[in-house]
Number of protein chains: 2
Amino acid sequence: MEAFDTLDYRILEVLQKNNLTSQRDIGNAIGLSAPAVQRRIVRMRELGMISADMALLNPELLGPLITIIVQVEMETDKVELVNKTKLKFRQTPQVQQCYYVTGEADFMLVVVVHTMKEYETLTHQLFFNNPGIQRFKSSICMDIVKSGLTLPMPDAVVKAVNNK
Amino acid sequence: MEAFDTLDYRILEVLQKNNLTSQRDIGNAIGLSAPAVQRRIVRMRELGMISADMALLNPELLGPLITIIVQVEMETDKVELVNKTKLKFRQTPQVQQCYYVTGEADFMLVVVVHTMKEYETLTHQLFFNNPGIQRFKSSICMDIVKSGLTLPMPDAVVKAVNNK
DNA sequence: CCAATGTACGCAATAAACTTGCGCAATTGG
DNA sequence: CCAATTGCGCAAGTTTATTGCGTACATTGG
């Protein structure tokens, strides 16, 4: 009742690549009926294993967009201040991703804006107006070589599929 | 025939958040019939505006996963070598995202692995075995504060929706 | 100015996919 | 050994997606 089994992972593997795959097709691929697949998917949604279903858009066609990787360094590591900063990043639409990391920088951000002017405004909002932030370094993206949020499946699943 | 209009962008805005939204619901939201929405979606898929449809999985529940941000610095900027390196990154499943950027580093990678041992093996494959790579810096992710690939809509669209 | 063309729409019908009820088999626990 | 639980497949029911068709509107060319 608690955990997920290999069949679940194989369903996830498919949905992660294409969540419009019909339950019938998934069923055929893994040896289950469509309703069985459906019930597993519902369950995985309820348990939060599948957290969202989204369409991936093409940045090239959506208009001129600038992607910037920002490394943010904080003055102190006060928990309260860090949490407040996290919240701010989370709430900012232009911040596509935010990682709290070890090393020199404290945060790594992936920011998407329409213009450099918008980015400048954003830096004021996020960094200059924030007392806890010491420094930030921007790396402009010239090429999105690869983009995705695909996660690797547990080793056991990978093996099971390869041995088929 | 060529471009996209405001209605298209509003459809994209919805699908980007939840691509399981029914065409009827989208239609009601923007004042179109379901078939009209359907035809626009088909067209946007054909033109590559919608490049994929995927389920987002929960890293916490999928098992122990380690996310690492890697900054890669190359020795030379020879086009040939850069392209070869891009290809290698693109083909590596553990590389979730790869950005070719300006600044100190040449590449920014988001890497996801099951164990540090796997990461060590990966660094050998990707970096030590690659003559063009001078140095790389790893930042271990302690918290995925925000994750997504949502793109901002053209300003005109945003305004149009807010004024409704 | 008026036809001809193309494009996008809505409605209605069809097709496909999802969802649910039900009975059965396998496993688990008393 | 029996009752309870779990997950399955099948078949029916429901919703959603897709397609055919006629119409409206804008653009173009005579």
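Report the relative contact order of the stretch A:59-140, percent, no decimals, based on alpha-carbon pairs under 8 angstrom and at least 6 residues apart. Relative contact order for the stretch A:59-140 comes out at 47 percent.
Electrostatic tally near B:Met142: other residues with Cβ closer than 12 Å to its Cβ, Lys and Arg +1, Asp and Glu -1, net -2. Largest GNM mean-square fluctuation among B:Val95, B:Val82, B:Val42, using chain B with Cα springs under 10 Å: B:Val42.
Would you calculate a helix-derived [θ] at 222 nm for the protein assembly as shown, using -39,500 (n - 2.57) for each DSSP H run of n ≥ 4 and dividing by the full residue count, to the nearest 500? Provide the component values of the computation, followed by the final result.
On the way: 14 runs with 132 residues, N = 328.
It comes out at -11500 deg cm²/dmol, rounded to the nearest 500.
In sequence order, the stretch A:68-84 has phi-based couplings of 10, 9, 10, 9, 10, 10, 9, 6, 10, 10, 4, 4, 4, 5, 4, 5, 4 Hz under the Karplus curve 6.51 cos²θ - 1.76 cosθ + 1.60, θ = phi - 60°, and Gly or Pro positions carry x.
Would you mind giving the mean number of other chain beta-carbons within 10 Å of the Cβ of each residue in B:65-78, as a whole number? Average neighbour count from other chains, rounded to a whole number: 2. Here is the size of the stretch B:6-55 from its Cα atoms: Rg then Dmax, 9.9, 27 Å. Sorting B:Met74, B:Met116 from the fewest to the most surrounding beta carbons within 10 angstrom yields B:Met116, B:Met74.
Kirkwood radius and radius of gyration were both taken over the C-alpha atoms of the stretch A:65-105, and their ratio Rg/Rh is 0.97.
In nanometers and ordered shortest first, the copy-to-copy spacing of the B:Thr76 label point, defined 7 Å from Cα toward Cβ, is 5.0. Take each residue in A:132-144, count the other chain C-beta atoms within 10 Å of its C-beta, and the mean is 3.
Taken over the Cα atoms of the stretch A:59-140, the convex hull encloses 85 Å³ per residue. Label-point distances for B:Leu87 to the equivalent site in the other copies, using a point 7 angstrom along Cα→C-beta, read 5.0 nm when ranked shortest first.
Kirkwood's formula applied to the C-alpha pairs of the stretch B:28-88 gives a hydrodynamic radius of 16.8 angstrom. Radius of gyration (Cα atoms) of chain A, expressed as a multiple of 2.2 N^0.38 Å: 1.34.
By the beta-carbon count within 10 Å of each Cβ, the least crowded to most crowded order of A:Arg10, B:Arg24, fewest first, is B:Arg24, A:Arg10. Summing charges over all other residues whose Cβ lies under 14 Å from the Cβ of A:Leu81, with Lys and Arg as +1 and Asp and Glu as -1, gives -1.
Peptide A:15-26 is shielded by partner chain Cβ atoms: per residue, an average of 3 of them sit within 10 Å of its Cβ. For the stretch B:71-138, GluC sites (Glu not before Pro) are listed when DSSP marks them as loop and at most 14 other Cβ atoms sit within 10 Å of their Cβ; the list is B:Glu75, B:Glu104. In a DSSP loop and with at most 12 other Cβ atoms within 10 Å, the trypsin sites (Lys or Arg not before Pro) in the stretch A:67-106 are A:Lys78. Considering only alpha-carbon pairs that sit under 8 angstrom and 6 or more positions apart, the relative contact order computed for chain B is 25 percent.
Every read-out reported here was derived from the displayed coordinates using simple, explicitly stated rules and does not represent laboratory data. Everything numeric here is computed off the predicted structure, so don't read it as measured data. Backbone-built Cβ (ideal geometry, glycine too); neighbour counts: all protein chains shown.
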